Amino acid sequence: MLYESLVVFALVFFSGLAFYGATNGRVTGEIRHAFQLYLFLILGIYFIVCWTRGGRTLSMQTWRIRVVRSNGLPLGPGRALLRYALAWPSLTVFGCGLLWALFDRDRQFLHDRLAGTRIVLNDGASHP
């Protein structure tokens, strides 16, 4: 997640600069909400495209892991969107969805359990 946060930071930083420039530096009021939605969509595009094209982000490639459906098949756009949407509360509610993995019988994050996805090693074995 540390590697992923570096990629996400860069993506948010440069996307934010583009938005800031497009709004002439006025990111207040309703524009602030549009900015937040914009960043949510930019991150969504990044993750969904990566997960549907090979099952892994740049950071996941480093660790030789990928995300697949529970049956081992690749994610389609709908399943990737569901995983992305469920990951937000999993992360933002005190990380409870991540802590879930400590108690889950398969060591899955809560958002993976709910989305019907799992993380596997590139050789196909389940990730511990």
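The values are calculated or read from the model by the stated rules, or taken from the named source; none is laboratory data. Just so it is clear, the structure is predicted and the values come from calculations on it, not from any experiment. Methodologically, a virtual Cβ is constructed for each residue, glycine included, from the backbone with ideal geometry; neighbour enumeration extends over all protein chains shown. Remember, those area values only see protein heavy atoms, side chains included, never the ligands or the DNA or RNA. Shrake-Rupley method; radii C 1.70, N 1.55, O 1.52, S 1.80 Å.
One residue is enough: does region 54-64 have a residue meeting the conditions open to solvent by less than 70 Å² (accessible area, probe 1.4 Å), at pLDDT 95 or above and either touching a Gly at 6+ places or on another chain (Cβ under 8 Å) or more than 27 Å from Gln108 (Cα to Cα) (or both)? So far as region 54-64 goes, no, none of its residues is open to solvent by less than 70 Å² (accessible area, probe 1.4 Å), at pLDDT 95 or above and either touching a Gly at 6+ places or on another chain (Cβ under 8 Å) or more than 27 Å from Gln108 (Cα to Cα) (or both).
Just one residue in the set Val120, Val67, Val27 is among the aliphatic types (A, V, I, L, M), outside any helix (DSSP H, G or I) and free of Cβ contacts under 8 Å to residues at least 24 places away in the same chain; that residue is Val27. Looking across region 44-81, the residues that are under 10 Å from the mean Cα position of the chain (by Cα) and more than 19 Å from Ser5 (Cβ to Cβ) come down to Ala80, Leu81. Regarding region 117-127, can at least one residue be identified that is more than 19 Å from Leu2 (Cβ to Cβ), modelled with pLDDT of 95 or more and out of contact with any strand residue (DSSP E or B) (no Cβ under 7 Å at 6 or more places or on another chain)? No, region 117-127 has no match at all.
Name every residue in region 81-108 that is among the basic types (Lys, Arg) and open to solvent by 60 Å² or more (accessible area, probe 1.4 Å), in order of residue number.
Those that are among the basic types (Lys, Arg) and open to solvent by 60 Å² or more (accessible area, probe 1.4 Å): Arg105, Arg107.
In region 31-45, is there at least one residue being outside any strand (DSSP E or B), on the phi > 0 side of the Ramachandran plot, open to solvent by 40 Å² or more (accessible area, probe 1.4 Å) and modelled with pLDDT under 95? So far as region 31-45 goes, no, none of its residues is outside any strand (DSSP E or B), on the phi > 0 side of the Ramachandran plot, open to solvent by 40 Å² or more (accessible area, probe 1.4 Å) and modelled with pLDDT under 95.
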